Every structure is written in C-alpha cells, then in structure tokens.
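The values are calculated or read from the model by the stated rules, or taken from the named source; none is laboratory data. Here the structure is a predicted model, which means the values were calculated and not measured. For neighbour counting, all protein chains shown are included, and Cβ atoms are generated from backbone atoms with ideal geometry for every residue, glycine included. The protein model used for the area step is the full one, side chains on, heavy atoms only, and it has no ligands, DNA or RNA in it. Shrake-Rupley method; radii C 1.70, N 1.55, O 1.52, S 1.80 Å.
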Amino acid sequence: MSESLLSVENLNAYYDKAHILQDVSFQVNPLERVAILGRNGMGKSTLFKSILGLEKIRREGDVYLNGHNVMNKETFETANLGVAYVPQGWQLFPSLSVDEHLQIAHTPHAGEHEWTPDSVYELFPEIKARKKVSGTKLSGGEQQMLAIARALVRNPWLILMDEPSEGISTFVIERVIEVCQHMAERNVSLLLVEQNLDLALRAAQKVYILVNGRIVYTTSTEDFKEDKESQIHYLGV
Ligand SMILES: Nc1ncnc2c1ncn2[C@@H]1O[C@H](COP(=O)(O)OP(=O)(O)O)[C@@H](O)[C@H]1O
Ligand SMILES: [Mg+2]
C-alpha cells in the first residue's frame, strides 16, 4: 500500500510474447502533475492501457490507485476509483453530439469543486458553440478539448492524458497547457505521456523518461529544462 494517489510498482506488460513495459515504477502524489516523456513506440500508450486494464494486455506487477490494487479489476471498476482517461486520438463517438458526450460522462461529485457540462463549457467556449455537432465532426483541436472536458466532468482524482499535443494547433496546445496548470485548483492530479517536450515541461512538475519500456531517468521539470544534454540523449530533441 502507498500514500500516493497512483503507485505503479514493477509493472511489466506484454502483447503476446512482446515484452513492452519492463519493471516500470513511479508515483503520482495528490495534486501533483507528472509527465512521462518518450519517443514514438517507447510504450507510453501501453502504460496507460496497462494501468486501466484495456485491450487485454497481459500485465504483471502492482498498480495502486488511492490505495486499492487495481491489477485484478475491470476497467470500469478502476475508473470508478476516480481516474479518467484522455486517449490518444480522442475516441469520440460519431453518433453523439458534443453535449451528449458530456451529459453521459458527467458524474456528480459531492466536493466543493464539481465539474459540470456548464463549467467545462466556460473553460472551452469553442466547444460550447458546437454543442449540437457530432463529436467526430469537430476539428482536431475541438476534439481534444472535448476529450479533456469529458474527462473533467467525470470529476476524477486523476486524469491520464495520452499525447494531448498530437494533431492540434499551437494555439490549442497553449490552451491545453493552461488547463493542465490549473488542475490542482480543482483537486485534480495529472499524469501525462508526451513526446512534446515544451508541453510536458510547462504542464508538469516532475518528469520520468521512458526508453524501450523502461523508466531510465527521473527529474524535476525545472532541472530537465536546463539539461540540454539529457534532452538530446533521451529524446533526440
Ligand atoms: N496492440 C498491439 N499489439 C502488439 N504490439 C503493440 C500493440 N500496440 C503497441 N504495440 C507495440 O508496443 C510498443 C509500444 O507502443 P506504444 O505503447 O503505442 O508506444 P508509444 O505510445 O510510446 O508510441 C511498440 O513497439 C508497438 O509497436
Ligand atoms: Mg502512444
């Protein structure tokens, strides 16, 4: 057991015989914003799918969410412990309007800071103007905003955000960074996986580097910002 909100301990994950995640361990503490940086194919999306129990990935090790071991739980049970997911590629539904995505996801919350469809529309007025439009008819940037809004209205303790910079303009990237920076004010912690160094360094406080399914380096964003040598070495940027 652990005091962390999320504690991943010696997680291994396999697609059939391919051993993708290798002894991955890290924590996210309450109200912390953490980024896992890694190039394409390093295992970032697999990490989220393994935490959530998606796609029948074979996994070994321990994942604790709010002190509960979720390794033997179904995805919906893990989600109900207070984790929401913003998948790579957004995974919105063509048959649902923007507003329907939010109404269906909305999970009331007894605490002081409840996210509602109306309050996320204040955060993202661009999608409020598109309320009745099918989720998949939106621009990439609008789909990203809707995917984040959908996660917020679940009123989770923790949001897992998979490559939010992908497929969106620099303007929307700025909006996403701003929203990430203010999550703690609403009692939400963030775990982000990214290739985009600028977004990760501005959105998060702590950085882990994932190379070939292993965490090879841990540092604060402050230190990593100055450490051009490690940026080149691990990320080739
Ligand atoms: N469904 C799958 N079946 C088999 N191999 C997969 C599958 N999804 C991803 N992989 C492999 O796992 C590795 C990690 O992929 P992924 O987690 O998507 O990386 P990232 O998100 O960092 O780009 C890659 O080598 C990829 O080819
Ligand atoms: Mg990915």
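Residues within the reach of a label modelled at residue 211 (point 7 angstrom out along Cα to beta-carbon, backbone nitrogen below 17 Å), restricted to the range 1-34, are 21-25. The dipole here belongs to the range 105-237: it is taken about the Cα centre, uses +1 on the Cβ of Lys and Arg and -1 on the Cβ of Asp and Glu, and is about 560 debye.
Once backbone amide H atoms are built at 1.01 Å from N, residue 15 has 20 as its partners under 5 Å, excluding neighbours fewer than 5 places away on the same chain. Return the carbon/sulfur percentage of the accessible area of the chain, one whole number, probe 1.4 Å, all protein chains in place. On the chain, the fraction of accessible area on carbon and sulfur atoms equals 48 percent.
Let a ≥ b ≥ c be the square roots of the eigenvalues of the Cα gyration tensor of the range 70-192; is it rounded (a/c under 1.5), or, if not, prolate (a/b larger than b/c) or oblate? Here the range 70-192 falls in the rounded category. Taking the Cα centre of the range 58-180 as reference, the dipole from Cβ charges on Lys and Arg (+1) and Asp and Glu (-1) amounts to some 360 debye.
Which of the pairs 17/49; 44/73; 206/228; 17/206 have their Cα atoms more than 27 Å apart in this structure? Pairs exceeding the cut-off: 17/206.
If only the Cβ of Lys and Arg carry +1 and only the Cβ of Asp and Glu carry -1, the dipole of the range 1-100 around its Cα centre is close to 360 debye. Converting phi to 3J(HN,Hα) with the Karplus coefficients 6.51, -1.76 and 1.60 and the offset θ = phi - 60°, the range 71-82 yields 4, 9, 9, 6, 4, 5, 5, 5, 4, 5, 7, x Hz in sequence order, with x at every glycine or proline.
Scattering from the range 90-130 was approximated by placing one identical point on each alpha carbon and applying the Debye formula without solvent; log10 I(q)/I(0) at 0.16, 0.25 1/Å stands at -0.44, -0.93. Highest average first, the peptides 18-25, 202-209 ordered by how many other beta carbon atoms sit within 10 Å of their residues are 202-209, 18-25. Note on the range 89-174: dipole from Cβ charges, positive end direction compared against 144, 133, 102; the farthest Cα belongs to 133.
Taking label positions 7 Å along the Cα-Cβ direction at both residue 166 and residue 66, the computed distance is 2.8 nm, reported to one decimal.
Given the rule -39500 (n - 2.57) for each run of at least 4 DSSP H residues, summed and divided by the residues of the chain, what is its mean residue ellipticity at 222 nm, to the nearest 500 deg cm²/dmol?
Mean residue ellipticity, 222 nm, calculated: -8000 deg cm²/dmol.
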